[in-house]
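The values are calculated or read from the model by the stated rules, or taken from the named source; none is laboratory data. Only a predicted model underlies this, so the values are computations on that prediction, with no experimental measurement involved. So basically every Cβ, Gly included, is an ideal-geometry build from the backbone, and we count neighbours across all protein chains shown.
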Amino acid sequence: MSRYLALERLLQRDRAIVVVGTAAVVALAWAYLASGAGMDTEMMADMPDMAPMPWSPPYAALLFAMWWVMMIAMMVPSAAPVILLYATIKRRQENASGGAMETWIFLGGYLLAWAGFSLVAVLAQWALERTAFLSMAMASTSPILGGTLLLAAGLYQFTPLKGACLRSCRSPLLFLSRYWQVGRSGALRMGLRHGSYCVGCCWFLMALLFVSGVMNLVWVIAIALYVACEKLLPFGRSLSYATGVTLILSGAIMLVRSV
């Protein structure tokens, strides 16, 4: 009995460490974004029609950090169920050791997938700025581009790929039972796989930041809340379809008005 109580206390302690640590990571990410992510947001807001800043390796690295921290702030809260479930399973396994460490490795793999997305987003931003499709405020200067992104994001909501990725994100137990691997390398691969499913589920929604403005915190918060609802609420798939219709209509209206 005493051994059982000791195990329960250990489980509760590890769970608390994971919860507090994950919450701290998310809080720091949001604080970084609120502070401007190293950008002069006041100048960007006051002079949106200025030419974007010239690119250099330090500037590209700053943009990559901005995108990656933004993805951490937006996506880790909705990934919390699978992270906590993984931590619980690891600690309840017979003779399990290093459960908390492997949980952090799992989270690291998840964030690595979003680092890959962030790199692609920086390259896309560079290409859009080179063609004058983005303003100083990192928002689309072309209603055709904005309408096309909205329309494409809406259509993507109905694709089988979106549905498959969303199912994996909405079902932590199913994902872990299907792809469970042992050891720290297994934790990293599982985290990377789960992160890849989340990227596949949400990448087009993140691309909409090019329409509203990459550093528009109102839209960042709105998309983060939507992603959490889509993944965590029972009617998430229906919400996905409704959002798809809304995005398609919004994109079509913007394209018609641009003609």
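Sub-7 Å Cβ pairs linking a first residue in segment 177-194 that is charged (D, E, K, R) to a second residue that is buried (at least 19 other Cβ atoms within 10 Å of the Cβ), at least 6 apart or interchain, are Arg184/Glu102; Arg184/Ile105; Arg189/Gly109, ordered by first then second residue.
Look at Leu209 and say whether it is within 23 Å of Ala73 (Cβ to Cβ) and over 17 Å from the mean Cα position of the chain (by Cα).
Values: within 23 Å of Ala73 (Cβ to Cβ): yes; over 17 Å from the mean Cα position of the chain (by Cα): no.
No, not satisfied.
Whether any residue in segment 123-139 is of a type in the set (Lys, Arg) and loosely packed, with under 15 Cβ neighbours inside 10 Å is what I want to check. Yes: one or more hits.
Is it the case that Ser196 is farther than 29 Å from Ile253 by Cα and at pLDDT 95 or above? Answer is yes for this residue. Looking at Arg189, Arg178, just one residue is in contact with a Gly (Cβ under 7 Å, 6 or more places away or on another chain) and basic (Lys, Arg), and that residue is Arg189. From the list Arg184, Arg167, Arg189, the one residue that fits, being of a type in the set (D, E, K, R), out of contact with any Cys (no Cβ under 8 Å at 6 or more places or on another chain), under 30 Å from Gln93 (Cα atoms) and modelled with pLDDT of 95 or more, is Arg189. I need the full set of residues from segment 228-259 which are crowded, with 17+ Cβ neighbours inside 10 Å, among the hydroxyl-bearing types (Ser, Thr, Tyr) and within 22 Å of the chain's Cα centre (by Cα), in order please. Once the filter is applied, which keeps residues that are crowded, with 17+ Cβ neighbours inside 10 Å, among the hydroxyl-bearing types (Ser, Thr, Tyr) and within 22 Å of the chain's Cα centre (by Cα), segment 228-259 yields Ser240, Thr243.
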